[in-house]
Amino acid sequence: MKISEAWSPFEPCKEKPWTRALASHLFRRAGFGASYAQLQAAALQAPGEVVEGLFGALDSPDFLSQMRTLERQSLAGGGVERLPNIWLYRMVKSEAQLLEKATLFWHGHFATGAEKVDDVRMMLTQNQMLRNNALGSFEVLVQAISKDPAMLTYLDSKENRKTRPNENYARELMELFCMGLGNYSEQDIKQVARAFTGWEIRNDKFRFNQHQHDFGTKQFLGNVGDFDGDQAVSLVIGNKASSHFIAGRLINYFVTDLDCPQEVVERLAGQLRESNFDIGHAVRTILSSNFFFESVGKKIRSPVELGVGLYRNLEATGNFIRLSEMMRDLGQLPFFPPNVKGWPGGRTWINSATLLGRINLVGEVLADSKTKLAHEDLAGLVAHYDVNATDQMLEFFSDLFLASPISKSSWAKLRVLASDDRVSKSERVRQTVFALAALPEFQLA
């Protein structure tokens, strides 16, 4: 693939046909995975049509009402420890998979920990704000997060006074949220902090206190003027380094954990600048591109992708309290990022302890009596799709779970397991799925 063609729309051809496996790749990256029925339907459409379907997917009013009920119950209970259960449930059940995947991205990008904030309402409000803006204007999103009570509480920026400008938010705005290291100076941080003076939280809401605002002239990133916080955010976003930084972060999240050619990053950054930082436009470009469909198997699944994806692939529901506990043990509990930098991702997801834990997660979900499948059990699942022969069953689960083809030797071992008539069909299928989960290929997205 030529670099100049990286962001061109993928066009299936004889050498690279559109298949269930590629559709599965799309659903795995743009969401958390698909049922076999979704893959069958997607394979009959053009890739671009499937992408547009992901953008157009909406949750039903009944589902949204159910989510509001769960959130009210969480507010009544008062404990932030319930929040991950609610969001994991939403990820498994939501029809708007791309929106949830993008919301999870921004949650890691603008990392805010419930353990420190310790306020259910603040955390739920921020989560919904991220969802509302996840595929919209980056500037609108950054302006909103800059005034978000949970964020300002997390960064100890609840009061920013002109006599003592708080540099925490100014630093993270440039380093982690918009520009990246090396693109600003310590003097820039001090000057931007002055622009945010007068920003405070009162009664759990943002308030601008003009009596504490520094109205003097500020100078940062080549700009000079009497800037306030809103203007400072706009100027930081308008710096060319921001488009390059966000383009890189989007590529790392949706496309590949591997280093990406800088020219490829810059081409997407250019599109961001031309579209006035329209995130939805950039994500649509990514998911439709040659580069994206060349990236099969070039990411390691995060714990959330693995756990939520398993439920969605198997058309199942289950014990979300236990799922939260397993996410914590594997290093990615929503609402509880490790620090303001979020989860580093990539190879950090895998070590000897977490690899065993990831395999055991699959085994526990399959064995748990609280796991309910749409077609009664695993035997009912394969029967529903008229999957009978051993090789058919292996192909069925490979399409659902695996980003990369497995070796002939692994296939041969799985065939023996999948055709063992000494155990019930349901147990045979369960053992086959568990064996697949132990393969290195199962860890890839």
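The values are calculated or read from the model by the stated rules, or taken from the named source; none is laboratory data. Because the structure is a prediction, the values reported are computed rather than measured. So basically every Cβ, Gly included, is an ideal-geometry build from the backbone, and we count neighbours across all protein chains shown.
Selection over region 119-161 of residues that are surrounded by fewer than 22 Cβ atoms within 10 Å (Cβ to Cβ), assigned to a loop (DSSP other than H, G, I, E, B) and at pLDDT below 95 gives a count of 3. Applying the criterion of at least 1 residues that are farther than 23 Å from G33 by Cβ and hydroxyl-bearing (S, T, Y) to the helices (runs of 4 or more DSSP H) found wholly in region 247-314 leaves an empty list. For beta carbons closer than 6 Å, sequence separation of 6+ or different chains, a first residue in region 404-431 that is under 13 Å from N388 (Cα atoms) and a second that is outside any helix (DSSP H, G or I), the qualifying pairs are S426/D377; R428/D420. Scanning region 27-85 for residues that are more than 21 Å from L98 (Cβ to Cβ), of a type in the set (D, E, K, R) and over 21 Å from the mean Cα position of the chain (by Cα) yields R68, R72.
Scanning region 150-174 for residues that are among the acidic types (D, E) and farther than 23 Å from M122 by Cβ yields no hits at all. Taken together, A21, A42 contain a single residue that is within 25 Å of V92 (Cβ to Cβ), in contact (Cβ under 8 Å) with a residue 24 or more places away in the chain and among the small types (G, A, S), which is A21.
Return the residue satisfying two criteria in turn: it lies in region 155-208 and is at positive phi and among the small types (G, A, S), and of such residues it is nearest to the chain's Cα centre (by Cα). Out of the qualifying residues, it is G180.
G77 satisfies every condition listed in (1) at pLDDT below 95; (2) in contact with a Lys or Arg (Cβ under 6 Å, 6 or more places away or on another chain) except (2). Could you check region 87-97 and list, in sequence order, the residues that are out of contact with any Gly (no Cβ under 6 Å at 6 or more places or on another chain), buried (at least 20 other Cβ atoms within 10 Å of the Cβ) and assigned to a helix (DSSP H, G or I)? Across region 87-97, the qualifying residues are W87, L88, Y89, R90, M91, V92. For region 65-85, which positions are surrounded by 20 or more Cβ atoms within 10 Å (Cβ to Cβ) and of a type in the set (V, I, T)? Matches in region 65-85: V80 only.
Sub-9 Å Cβ pairs linking a first residue in region 360-375 that is at positive phi and of a type in the set (V, I, T) to a second residue that is modelled with pLDDT under 95 and outside any loop (DSSP other than H, G, I, E, B), at least 6 apart or interchain, number zero.
Is at least one residue of region 277-295 crowded, with 23+ Cβ neighbours inside 10 Å and charged (D, E, K, R)? Within region 277-295 (the criterion being crowded, with 23+ Cβ neighbours inside 10 Å and charged (D, E, K, R)), the answer is no, since none of the residues qualifies.
Among residues of region 174-194 that are over 20 Å from V224 (Cα atoms), those with a beta-carbon under 6 Å from a residue that is part of a helix (DSSP H, G or I) and of a type in the set (F, W, Y) at least six positions away or on a different chain give the pairs G180/F245.
Taking the numbered list (1) out of contact with any helix residue (DSSP H, G or I) (no Cβ under 9 Å at 6 or more places or on another chain); (2) surrounded by fewer than 15 Cβ atoms within 10 Å (Cβ to Cβ); (3) of a type in the set (A, V, I, L, M, F, W, C) in turn, V423 passes all entries but (1). In region 359-367 there is no residue matching the filter, namely being closer than 22 Å to L439 by Cα, surrounded by 18 or more Cβ atoms within 10 Å (Cβ to Cβ), at pLDDT 95 or above and among the charged types (D, E, K, R).
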